[in-house]
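Below is one structure, written out as structure tokens; the observations come after it.
The values are calculated or read from the model by the stated rules, or taken from the named source; none is laboratory data. Please read all numbers here as calculations on a predicted model, not as lab measurements. With ideal geometry, Cβ positions are generated from the backbone for all residues, glycine too; neighbour counts draw on all protein chains shown.
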Amino acid sequence: MRPVVVLGYGMMPVDEHWNLSLRELAGNAALSALENAGTPPIDAIFIGNMMSGTANHQQHLGAYLADWIGMPMVEAVRIEAACASGAATFRAGLMAVASGEADSVLVTAAEKMTDSPSDEISAELATAADADWEVETGISFVGLNALLMQRYMHEYGWTKEHFAPFSINAHANGARNPNARFQKEIGLATYMNAAMVAPPINIMDASPVGDGAAACVLMAADMASHFSQNAIIEVAASASATDSLAVHDRNDALWLNAAYRSAIDAYSQAALSPAEIDLFELHDAFSIMAALSLEAAGFTERGSAPRMALDGEIGLLGRLPIATMGGLKARGHPVGATGMYQIAEVVQQLMHEAGKNQVDGARIGMAQNIGGSGSNILTHILRRVDL
Ligand code: COA
């Protein structure tokens, strides 16, 4: 396998985009990434998405995007892995270039959720869970995560208030990101008094529904020097693992085994330890997922993630900045696109283009994207190399 670099990135603001179709959202992100990359030739296109068949009555997204951006003869295919579709798409493009099958690829991920009313969206999101054994009981994704948070609080003695820093940090970072769905800081009182969705998860523990698209251009490292200037961002690791689809089939519901597996594979590929990661874009779809992800990825002991957050270690100036551009909680979670936003934001940080949210001197960034309630997880590590 040959080394691969990220040549460019593009992101649409996450919002309720009533005036843009799915094709315009995806196309604008793709064209922005191509321009950012210096418009290199493209051998293949991969597009990630979770629910366009039901939410937008549109399948066949490969040709849909290639046609719209004026690349009708280029190979193009869709990748789906529920909420992990974005990172799975990045990894598909990476493997195409690393294997030598393509020299440069465009990877885009898009989701337009607000075409459907919220009850339909909740039902569509639940298709990422086990239809026979979970969804059949009537439980939603928020409900599944509420059970995990209840159990975590019971096992480790934390109360709801102790999860507040995850949401407060995400909203503080989102407030300074023009692409974020929510650009307003919140405090403890707002967190504690927010509308309850499924106890103990209230609206400030949950990521919002929204529309968005992000894209990257990947190229073989030995061909990229012509397009790069000050620095290149190399893909140091890409790892993927699955776990049981249903939460109740796991021996330990509070341990994200696929997060652990993909993280240790990634550390091994990059020859790095958790202590060497400068920032972590984690999958904070719910506060409890942020906590479980930090623990499974080896950043803190089991049961201690709220301590890490309470001690200020997750802020932009902390030991491990997380959700640096707002995360899923405040930047937003257009489900199939989220993993690509996470990677694009890591690239933005490593290129030192993150503006007011810049992590000082960031050189190594990690992104972890979770599909379902921990059933399909990808971890990527990117490294800045100065030219
Ligand atoms: N955080 C903060 N504010 C939120 C929010 C969130 N997650 N979701 C909605 N809001 C705000 C809206 O901006 C709106 O504010 P406004 O009145 O000032 O305009 C208000 O709350 C009501 O918005 P609405 O869209 O009617 O909310 P809702 O009650 O239909 O949905 C949730 C709220 C939390 C139920 C919904 O966002 C949700 O289902 N989130 C989880 C999605 C999910 O499961 N994703 C997959 C995870 S793997």
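A few remarks follow.
- Of all residues in the stretch 294-304 being over 10 Å from Tyr260 (Cβ atoms) and in contact with a strand residue (DSSP E or B) (Cβ under 8 Å, 6 or more places away or on another chain), the one that is farthest from the ligand (Cβ to nearest atom): Phe299
- Note on the stretch 269-317: residues that are assigned to a helix (DSSP H, G or I) and of a type in the set (Lys, Arg) total 1.
- Residue within the stretch 331-344 that is assigned to a loop (DSSP other than H, G, I, E, B), more than 16 Å from the ligand (Cβ to nearest atom) and either at positive phi or outside the structural domain of Leu272 (by TED's automatic domain parsing) (or both) present: no
- Within the stretch 364-387, the residues that satisfy the criterion of being outside any strand (DSSP E or B) and either under 19 Å from Leu147 (Cβ atoms) or modelled with pLDDT of 95 or more (or both) are Gly372, Ser373, Gly374, Ser375.
- Checked against the criterion of being modelled with pLDDT of 95 or more, within 13 Å of the ligand (Cβ to nearest atom), closer than 30 Å to Val359 by Cα and in the same structural domain as Ser287 (by TED's automatic domain parsing), the candidates Gly174, Gly143, Gly187 yield just one match: Gly174.
- The one condition from (1) within 19 Å of Gly374 (Cα to Cα); (2) out of contact with any strand residue (DSSP E or B) (no Cβ under 9 Å at 6 or more places or on another chain) that Gly53 does not meet is (1).
- Single residue of the stretch 158-212 satisfying the filter (outside any helix (DSSP H, G or I), of a type in the set (A, V, I, L, M, F, W, C) and without any contact (Cβ under 8 Å) to a residue 24 or more places away in the chain) that is surrounded by the most Cβ atoms within 10 Å (Cβ to Cβ): Ile186
- When we screen Ala263, Ala271, Ala297 for residues that are without any contact (Cβ under 8 Å) to a residue 24 or more places away in the chain, more than 24 Å from Ala126 (Cα to Cα) and in the same structural domain as Gly315 (by TED's automatic domain parsing), the only hit is Ala271.
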